[in-house]
Amino acid sequence: MSEMISIQNVSKWYGEFQVLTDCTTSVAKGEVVVVCGPSGSGKSTLIKCVNALEPFQKGEIIVNGTSVGNPKTNLPKLRSQVGMVFQHFELFPHLTITENLAIAQIKVLGRGRDEAEAKGLALLERVGLKAHAHKHPGQLSGGQQQRVAIARALAMDPICMLFDEPTSALDPEMINEVLDVMTELAQEGMTMMCVTHEMGFARRVADRVIFMDRGHIVEDCHKDAFFGSPRSERAQQFLSKILQH
Amino acid sequence: MNYNWDWNIFFKSTGIGDEIYLDWFISGLGWTIALALAAWAIALVIGGLLGVMRTLPNKWLSGLATAYVELFRNVPLLVQLFIWYFVVPDYLPEQTQVWFKQELNPMVSAYISVTLCLGLFTAARVCEQVRTGIQALPKGQANAAMAVGFTLPQVYRHVLLPQAFRVVIPPLTSEFLNVFKNSSVASLIGLMELLAQAKQTAEFSANIFEAFTLATLIYFTLNMSIMKFMGWVEKRVRIPGLMVEGGK
Amino acid sequence: MDFSQIVPALPDLWEGMKLTLELLVMAVVGGIALGTVLALLRLSSNPLLSGFAKGYVNIFRSVPLLLVIIWFYLAVPMLLNWITGDFVPVGAFASCLVAFMMFEAAYYCEIVRAGIQSISRGQVNAAYALGMTYGQAMRLVILPQAFRKMMPLLLQQSIILFQDTSLVYAVGLMDFLSSARSRGDILGLPHEFLLFAGAVYFMVSFFASQMVKRLQKRLAV
Ligand SMILES: Nc1ncnc2c1ncn2[C@@H]1O[C@H](COP(=O)(O)OP(=O)(O)OP(=O)(O)O)[C@@H](O)[C@H]1O
Ligand SMILES: [Mg+2]
């Protein structure tokens, strides 16, 4: 398998404070990797470094052959190829659902409005929300908004997808509708890097699990190995806490 | 006490031509509106640009905008007006100077000075409102916009500004009202706007109370109508499903 | 430009600054006092009282300060004449002071009202539960907390007032700006003195604002 995302010896500081310490890992094409770890361990920071929403000071990240840290890289172009889903959805509240799905296709990819809207509508249908196309984001439930957000990312025909705790802002009864969409995506062979604490999802869908603690990648192994016998004490503590409920 | 109340004073002749006092008020109101609208246009354009600049990651640009705001906010409006009217023209090129000081109708040269002064003064305040509006948006919005591949100008154009614009309507309304009120300083350099006309009426007719009551009423009505209008605009552009008041 | 003449003129300018500061301090104290009374009226359950306060605030907030200054300058002597029957000279200072106090009270009222409303209802209930009267609850419990919260806003408004005192030029009062201008005219250096006055206003307002910002940060934690 060839590599989609490669992270090599990445370190990052906020002023004096080191958020990421010498992180190295990679995601192969078609692979699904779950990133977990306690709050503040740097998961969001790491995943945001992948599409350069956060700069990093040391190391290298390569996405599909393009170096993210290289100042010459066309970041908007790179980002348009990498889909991202956020904890708080971040749909654009002033636009309708249709417009949310179409705007970047039109303004970034240069597609025509009709083509963009047709594509958006098809994806909406896929996430089961076609009936809501004319509404504004504020008129949908959290789970519906997150499914629209996934559709918005897919509309750009991404080569891989990043998820930053896509279900942690949702009420329990809505979590599954979002996880189902993600599972389906994974089964279709989408390359995915997901920060999530949904261990059921990790067990069923992920290929590998990365465990982070205080800016370090502490565990990086096949999911069976991770759930079977995590090596570090921190990972064991984390798992026992999370699996209790 | 021998004050002669006379509410009909406004319909009486001023003794100059066949003007009645009401004509003075109407012409004064005209100048006030002309001043406020032109100054507001300047303030919106420059203040909007500065407000965006203050939110940019580039330290030089945001520093420049900050310096502008501090300068124009901390010097009294009247001092700024005197500088624009008495000092700045002396440093214009010779020909422009002659034109501005001698050839131009003194009303018009005063109008130009006040408009510029008030526009640039208000721009500093508009800047702060725009900056606050942009910064009040959830930080994730800018991230999400960049994540779909927008360039920085596109992030502002399509995502941040349309949202900030709505947040900023109420505070900008009150700045707009301030422009009307502040335009009254023009009376101090001889521009016959509303306040100057009221004062002149008071002095000519000795009906101080009537003259100033009418001026007060006109300002009050102007204020209320603008507030009503802006309230309507705010409702028109309200985003469905979003709470406008009380934040998110 | 020749700024060398400013130093010998400083004593004169200081006289002007003293008048500016006197006016400022008295207007701030009077304005906040009147503003607080208005805020309490505004929040009262009596529709007559709250309606009066609301009308007062709306009217003063919709007219220019300059209009109020000139209005009062012309009208206060006449009013007094009316009331007392004799001619009482009040002078520009007194009429300006009244104008500033009454005008600023409308702005201070809104700040104080927001401050009072930001104190939780539970505090009022707790005060009543201890047997306090309305006056005691306000004086001992609510207002002290509210003033602490709104101190930065009150100070910010006072800095604006400091700049606005320059408008007394309209009625010929010799405040800092006017004395700088008249010195400048006498010495034939109007530009220099005007720019110097601007610089002084800038420095005072700028540093005062910085202090307020610092206070705001301290109160925030
Ligand atoms: N802009 C910032 N400035 C300074 N420190 C920051 C900044 N953003 C994040 N941090 C710090 O970096 C650390 C890692 O943050 P990050 O958001 O990556 O954690 P996380 O693992 O995603 O946690 P969570 O599960 O709470 O989302 C935290 O300690 C956080 O306080
Ligand atoms: Mg996070």
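Can you tell me how many residues in the range B:202-221 are modelled with pLDDT of 90 or more and in contact with a Leu (Cβ under 8 Å, 6 or more places away or on another chain)?
Final tally of qualifying residues: 5.
Residues that are within 20 Å of B:A147 (Cα to Cα) and more than 16 Å from ligand 1 (Cβ to nearest atom), at least 3 per element: which strands (runs of 3 or more DSSP E) completely within the range A:1-118 meet that?
On the way: elements: A:3-14, A:17-28, A:32-36, A:58-63, A:82-85.
Output list reads A:3-14, A:58-63.
Consider only pairs whose beta carbons are under 6 Å apart and that are at least six residues apart or on different chains; among these, list those whose first residue lies in the range A:215-238 and is aliphatic (A, V, I, L, M) and whose second residue is part of a loop (DSSP other than H, G, I, E, B).
A:V218/A:S232
Looking only at the range A:207-245, which residues are outside any helix (DSSP H, G or I), under 23 Å from A:A28 (Cβ atoms) and either among the basic types (K, R) or touching an Asp or Glu at 6+ places or on another chain (Cβ under 8 Å) (or both)? It would help to see each step written out before you state the result.
As a first pass, look at the range A:207-245 and keep what is outside any helix (DSSP H, G or I): A:207-222, A:229-232, A:245.
So of that shortlist, the ones also under 23 Å from A:A28 (Cβ atoms) come out as A:207-212, A:216-222, A:230-231.
Listed by number, the residues that qualify are A:D207, A:R208, A:V209, A:I210, A:F211, A:H216, A:H222, A:P230, A:R231.
Being within 21 Å of C:L38 (Cβ to Cβ) and modelled with pLDDT of 85 or more is the filter here, so list the residues in the range C:109-132 that pass it. So that I can check it myself, show each step before the final result.
Of the residues in the range C:109-132, the ones within 21 Å of C:L38 (Cβ to Cβ) are C:109-119, C:124.
Listed by number, the residues that qualify are C:C109, C:E110, C:I111, C:V112, C:R113, C:A114, C:G115, C:I116, C:Q117, C:S118, C:I119.
List every residue pair whose Cβ atoms lie under 8 Å apart, where the two residues are 6 or more positions apart in sequence or sit on different chains, the first residue falls within the range B:97-119 and is closer than 13 Å to B:F86 by Cβ, and the second residue, located anywhere, is polar (S, T, N, Q).
Once the first residue is closer than 13 Å to B:F86 by Cβ and sits in the range B:97-119, its partners that are polar (S, T, N, Q) give B:F100/B:S109; B:K101/B:S109; B:V114/B:S183; B:C117/B:Q80.
Hey, among the residues in the range A:119-136 that are assigned to a loop (DSSP other than H, G, I, E, B) and out of contact with any Gly (no Cβ under 9 Å at 6 or more places or on another chain), which one's farthest from the other protein chains (Cβ to nearest Cβ)? Before the answer, list the steps.
From the range A:119-136, those assigned to a loop (DSSP other than H, G, I, E, B) are A:127-129, A:133-136; that's our starting set.
Subset that is out of contact with any Gly (no Cβ under 9 Å at 6 or more places or on another chain): A:127-129, A:134.
Values: A:V127: 17, A:G128: 19, A:L129: 15, A:H134: 10 Å.
Per the criteria, the residue is A:G128.
Could you list, in sequence order, all residues of the range C:60-77 that are without any contact (Cβ under 8 Å) to a residue 24 or more places away in the chain, assigned to a helix (DSSP H, G or I) and among the β-branched types (V, I, T)? Give the steps one after another, and end with the answer.
Within the range C:60-77, the first condition is being without any contact (Cβ under 8 Å) to a residue 24 or more places away in the chain, and the residues that meet it are C:62-64, C:67, C:74-77.
Next, only the ones that are assigned to a helix (DSSP H, G or I) stay: C:62, C:67, C:74-77.
Listed by number, the list holds a single entry, C:V76.
Matching residues to (1) touching a Ser or Thr at 6+ places or on another chain (Cβ under 9 Å); (2) within 14 Å of chain A (Cβ to nearest Cβ):
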{"residue": "B:Q141", "(1), (2)": "no, yes"}
{"residue": "B:Y156", "(1), (2)": "yes, yes"}
{"residue": "B:Q163", "(1), (2)": "no, yes"}
{"residue": "B:G190", "(1), (2)": "no, no"}
{"residue": "B:L194", "(1), (2)": "yes, no"}
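Can you go through C:S182, C:S166 and tell me which one is surrounded by 20 or more Cβ atoms within 10 Å (Cβ to Cβ) and closer than 21 Å to C:I6 by Cβ?
Numbers: C:S182 fails: surrounded by 20 or more Cβ atoms within 10 Å (Cβ to Cβ).
That would be C:S166, the only listed residue that is surrounded by 20 or more Cβ atoms within 10 Å (Cβ to Cβ) and closer than 21 Å to C:I6 by Cβ.
Here's a check for you: in the range A:142-174, which residue that is among the small types (G, A, S) and touching a Leu at 6+ places or on another chain (Cβ under 9 Å) is farthest from ligand 2 (Cβ to nearest atom)? Quick ask: steps written out before the conclusion?
Our first condition is that a residue be among the small types (G, A, S); within the range A:142-174, this holds for A:142-143, A:149, A:151, A:153, A:155, A:168-169.
Those left that are additionally touching a Leu at 6+ places or on another chain (Cβ under 9 Å): A:142-143, A:149, A:151, A:153, A:155.
Numbers: A:G142: 17, A:G143: 19, A:A149: 16, A:A151: 22, A:A153: 18, A:A155: 25 Å.
Selected residue: A:A155.
Looking at C:V25, C:V37, can you tell me which residue is modelled with pLDDT of 95 or more, away from chain B (no Cβ under 14 Å) and over 11 Å from the mean Cα position of the chain (by Cα)? Even if it seems obvious, please write down each step before you answer.
Values: C:V25 fails: over 11 Å from the mean Cα position of the chain (by Cα).
Of C:V25, C:V37, the one residue that is modelled with pLDDT of 95 or more, away from chain B (no Cβ under 14 Å) and over 11 Å from the mean Cα position of the chain (by Cα) is C:V37.
Cβ-Cβ below 8 Å, separation at least six or inter-chain, first residue in the range A:51-64 and facing another protein chain (nearest Cβ under 10 Å), second small (G, A, S): which pairs?
Partner pairs satisfying both residue conditions: A:N51/B:A147; A:A52/A:G69; A:L53/B:A147.
Within the range B:43-94, how many residues turn out to be of a type in the set (F, W, Y), farther than 23 Å from B:Y111 by Cβ and surrounded by 18 or more Cβ atoms within 10 Å (Cβ to Cβ)? Step through it out loud before you land on a result.
Start the filter on the range B:43-94 by keeping residues that are of a type in the set (F, W, Y), which leaves B:60, B:68, B:72, B:82, B:84-86, B:91.
Narrowing the set further to residues that are farther than 23 Å from B:Y111 by Cβ leaves B:60, B:68.
Okay, now just the ones that are also surrounded by 18 or more Cβ atoms within 10 Å (Cβ to Cβ), so B:68.
Counting residues in the range B:43-94 that are of a type in the set (F, W, Y), farther than 23 Å from B:Y111 by Cβ and surrounded by 18 or more Cβ atoms within 10 Å (Cβ to Cβ) gives 1.
The conditions are (1) at pLDDT 95 or above; (2) buried (at least 19 other Cβ atoms within 10 Å of the Cβ); (3) touching a Ser or Thr at 6+ places or on another chain (Cβ under 8 Å), and A:I159 fails exactly one of them. Which is it?
For A:I159, the failing item is (2).
The values are calculated or read from the model by the stated rules, or taken from the named source; none is laboratory data. Note that this is a predicted model, so its numbers are computed, not measured. We place every Cβ from the backbone using ideal geometry, glycine too, and count neighbours over all the protein chains shown.
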